[in-house]
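Coordinate-derived values only; no laboratory data. Every value quoted in this text rests on a predicted model; they were computed, and no experiment measured them. Note that we place each Cβ from the backbone using ideal geometry, even for glycine, and neighbour counts take in every protein chain shown.
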Ligand code: F6P
């Protein structure tokens, strides 16, 4: 008898829909994208979707209409739509933490109603956004001054994981609309070098720290915030009363914020139904709002909301997050793909893939299902990539001619970011020529016959042959605006959701980060005080002793 999950369905790889996909994969065998394009001259127009400002081309995927139908059947039988609706309704779908998952409420319009435990959370969301806007305006206008009445010119966000990656990524992405008179720094690493490099050239009298931590217990953040406070008070030659003008906090824990010494009037709250990696459109985005201004921040939220509505209402055949999620499942399960490359052709998206690493890998890096049983199917991929064209001169070789299946997303824009030096605007066409050339080369390659026809000596033909058939998604938008950034992030959030739903895992907990934290706490006194360290294995004990010796302890 087949095992059932909580909804009374057979486990994923025992479903007839899964078996059907396996058989279909065998039938596809080595079907080449060259054949698929030759068989359907309209593939490049037909296999596309429009979501808001995003044009999404999935024609260069190893799929047919039949594949797509079978994948949608899988989504249907695994209850993706039901789980999605439960998420939007505010049900506690994060079962291991007994929490609702409502980042979508962070960008809901003012008049929307989203209830958690019978309470509409939307008014609270907008009340915090309004307070953030007022605070941002005071910093941006120079009305907010520091302890010595100097205007604030430097904003240092201290946080880690979701309390760093989101605002840091979005600040870079939207740099062209930031206030260039203000300096922004993002500090996350407990390595003192990070804070050092952020502070060494700043004047404490002109510096505002934003301590971003949902729990306000994360050791890296609290350690850096404590050091920042010391630096500030020493630099100002002032007592703790100076903290109020130079520190703000973003957290769900007012008590711990007050205990740290930050005036809770400068605290912007969010809620336990916002996961850290889904939080940069909450109060966690304060540094970004100061950088781009409240209006542009709201445009970004509207972009998120547009894709939320698309995900919630679009038919399965036209539902972009559903499609992207299913394509990833297809390659992981039936092509042995272990990783997924995200390759933005915009230098402003230099931190985009790092942001997605947390979003995807912390969400779907799981190996037990919702019922706690080991899964015997692939879950989340390794997500990696850097902006084009740099990767082309580094690791693209492996994608083109290596032995691994690496599905890749190419993200590009028709226009360069506004405000580039006039002489640089023309370079954009070259950037985008590379963008289009890469997906073309990956899909269609170069046959041995084509290589020979170019007069290449026979011995070199295998080396110069490109097998092609490497799957890619192309996402093209007119310009990287705040709204488009919101649309892109929501697209990936919901893609990750779809995959977690099909794999029947809890995408919203992150127990896997706990063990390292516990062990680090135990090892610290071994390093600093030479304590024996109970239960230390011989490798860690020897390494710790070596470290102490190297430090002259
Ligand atoms: O890495 C674990 C984690 O809890 C992330 O999920 C989170 O984004 C990060 O730590 C920071 O947490 P906090 O905002 O509570 O400091």
Any residue that is farther than 21 Å from residue 58 by Cβ and within 16 Å of the ligand (Cβ to nearest atom) - is there at least one of those in the range 380-398? no
Go through the range 519-534 and give me each residue that's away from the ligand (no atom under 13 Å from the Cβ) and either within 30 Å of residue 379 (Cβ to Cβ) or assigned to a helix (DSSP H, G or I) (or both). 519, 521, 522, 523, 524, 525, 526, 527, 528, 529
Please state which of the following conditions residue 161 fails to meet, knowing it meets all the rest: (1) touching a residue at least 40 places away in the same chain (Cβ under 8 Å); (2) crowded, with 23+ Cβ neighbours inside 10 Å; (3) within 16 Å of the ligand (Cβ to nearest atom). (2)
Given (1) surrounded by fewer than 20 Cβ atoms within 10 Å (Cβ to Cβ); (2) farther than 30 Å from residue 447 by Cα, index of the condition residue 380 fails: (1)
Out of curiosity, is residue 289 crowded, with 23+ Cβ neighbours inside 10 Å and within 15 Å of residue 53 (Cβ to Cβ)? no
Does the range 146-157 contain at least one residue that is within 16 Å of the ligand (Cβ to nearest atom), over 30 Å from residue 313 (Cα atoms) and assigned to a helix (DSSP H, G or I)? no
Exactly one condition in (1) buried (at least 24 other Cβ atoms within 10 Å of the Cβ); (2) assigned to a loop (DSSP other than H, G, I, E, B); (3) away from the ligand (no atom under 13 Å from the Cβ) is false for residue 181; which is it? (1)
The range 501-516 - residue that is surrounded by fewer than 21 Cβ atoms within 10 Å (Cβ to Cβ) and over 12 Å from residue 366 (Cα atoms) and, of those, farthest from the ligand (Cβ to nearest atom): 515
Only one of (1) closer than 21 Å to residue 110 by Cα; (2) buried (at least 24 other Cβ atoms within 10 Å of the Cβ) fails for residue 312. Which number is that? (2)
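Looking at 536, 476, can you tell me which residue is surrounded by 14 or more Cβ atoms within 10 Å (Cβ to Cβ) and within 30 Å of residue 428 (Cβ to Cβ)?
None of the others qualify; the one that does is 476.
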Is it true that residue 317 is touching a residue at least 12 places away in the same chain (Cβ under 8 Å), assigned to a helix (DSSP H, G or I) and within 16 Å of the ligand (Cβ to nearest atom)? no
Restricting to the range 228-280, what's the tally of residues that are within 16 Å of the ligand (Cβ to nearest atom) and part of a helix (DSSP H, G or I)? 10
When you go through (1) assigned to a helix (DSSP H, G or I); (2) surrounded by 21 or more Cβ atoms within 10 Å (Cβ to Cβ) one by one for residue 441, which number turns out not to apply? (2)
Filter pass, residue 60 being surrounded by 14 or more Cβ atoms within 10 Å (Cβ to Cβ) and under 30 Å from residue 119 (Cβ atoms): no
(1) more than 14 Å from the ligand (Cβ to nearest atom); (2) assigned to a loop (DSSP other than H, G, I, E, B); (3) buried (at least 21 other Cβ atoms within 10 Å of the Cβ) all hold for residue 214 apart from (1)
Go through 134, 127, 193 for me and flag whichever is within 28 Å of residue 357 (Cβ to Cβ), exposed (fewer than 15 other Cβ atoms within 10 Å of the Cβ), away from the ligand (no atom under 16 Å from the Cβ) and without any contact (Cβ under 8 Å) to a residue 60 or more places away in the chain. 193
